[in-house]
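The values are calculated or read from the model by the stated rules, or taken from the named source; none is laboratory data. Everything quoted here is computed from the prediction, not taken from an experiment. Don't worry about glycine lacking a Cβ; one is built from the backbone with ideal geometry, like all the others, and counts go over all protein chains shown. In case anyone asks, the SASA skips ligands and DNA or RNA and just uses the protein heavy atoms, side chains included. Shrake-Rupley method; radii C 1.70, N 1.55, O 1.52, S 1.80 Å.
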Amino acid sequence: MFRLILTIQLFWDMPVIAIDLGGTKIAAALFNDEGEIISSDRRQLENRKGKEVALLVIEMANELLRKSQQRDLHVFALGICVPGIAYSKTGKVWLPNIPGWEDYPLRKELKNGLSDKELTIKIESDRSCYILGEVWKGNAVGCSDAIFLSVGTGIGAGILAGGHVLHGSNDIAGSIGWMALQKPFQEKYIACGCFEYSASGEGIVRVAKEWMENHNESILQNKVSSLTAKDVFDAYDSNDLLARKVVTIAIEYWGMAVANLVSIFNPEKIIFGGGVFGPALKFLDAIYEEAKKWAQPISILQVTLEGSALGSEAGLYGAGYLALNDHII
């Protein structure tokens, strides 16, 4: 009995650090193994670039290490969620929203800068961390096959299959913004993909502006220079015909994407998150009905569509779960 209690106590005394690196901010937290936040911090990037961003990440991690030492806790791992590609073999990352991070040696920089040189460092893409967060503390608890469909500025999918996150041969799996959902091919799809071009947050704005070039009877005309996806959704609620057309197009794209994911992966759940879901959660039933037209007919009846339980915290919780676990990665 004494030996069992001692083992549990040691495990509880080994928390982890989680860092969610976004395009404009960094969130960091010290987690225990139960998913409780012991301490946290948030900072704005404030136009930092290159090594300046790495130094801020290191500063925040070292501060949490210092706080853990004050509590006589020994941190054994750090997990970091990044908005792009995390190359597992090299420890480098590709983050298009951070200048100078096209092939950045993040793991090496962290190893050199952290006060604890023995700390295990794990780096994952944001889409993978989102599904890990939902597996740990969200709407995918207990699932072995689930997908997080993130729709914000861009579109990506964190895919859990058979209890493991899918990475692909070079860690680029889940880049579903490039799903081919429309023909013929157009040059404008090259940068972000057909799906993302039309149905991301920025895509909804793009489509609305394209429609307004030929249709001037919309309340959105007064906001064209500062238009956001939220404006389009608000206009939809006001029964604006152009907004309803744009949102209908997005629902069709989301439904086709769900159908493809369901037919390929046969998930238990598809969880929607990101800034667009959000306000677009009210369309989940319509997305499901669209997906039913296209999907494998048995598999589509076995999946449920849900919103994220963690919202903007999904990446942070996912980074914590990443640090704690090896078996699911």
**Where PHE277 falls short, out of the listed (1) within 20 Å of SER144 (Cβ to Cβ); (2) in a loop (DSSP other than H, G, I, E, B)** = (1)
**Request:** Tally the residues that are of a type in the set (S, T, N, Q) and within 28 Å of THR153 (Cα to Cα), restricting the search to the range 66-114.
**Result:** 3
**Item:** Single condition LEU6 does not satisfy, out of (1) open to solvent by less than 20 Å² (accessible area, probe 1.4 Å); (2) farther than 25 Å from ASP103 by Cβ; (3) modelled with pLDDT under 95; (4) not aromatic (Phe, Trp, Tyr)
**Value:** (1)
**Message:** I'm trying to understand the selection: among the residues of the range 274-290, which are open to solvent by less than 60 Å² (accessible area, probe 1.4 Å), within 24 Å of VAL205 (Cβ to Cβ) and out of contact with any Phe, Trp or Tyr (no Cβ under 6 Å at 6 or more places or on another chain)?
**Reply:** GLY274, VAL276, PHE277, GLY278, ALA280, PHE283, LEU284, ALA286, GLU290
**Request:** Given the conditions (1) open to solvent by 10 Å² or more (accessible area, probe 1.4 Å); (2) of a type in the set (Gly, Ala, Ser); (3) under 17 Å from GLY22 (Cα atoms), report the number of the one that ALA54 does not fulfil.
**Result:** (1)
**Prompt:** Would a scan of the range 256-271 turn up a residue that is among the aromatic types (Phe, Trp, Tyr), under 20 Å from the mean Cα position of the chain (by Cα), open to solvent by 20 Å² or more (accessible area, probe 1.4 Å) and modelled with pLDDT of 95 or more?
**Reply:** yes
**Complete:** Residues of the range 155-175 being open to solvent by 60 Å² or more (accessible area, probe 1.4 Å), touching a residue at least 24 places away in the same chain (Cβ under 8 Å) and in a loop (DSSP other than H, G, I, E, B), in sequence order, are ASN170, ILE172
**Complete:** Expected single match for under 17 Å from SER150 (Cβ atoms) and either in contact with a Pro (Cβ under 7 Å, 6 or more places away or on another chain) or of a type in the set (S, T, N, Q) (or both) among ASN260, ASN266 is ASN260
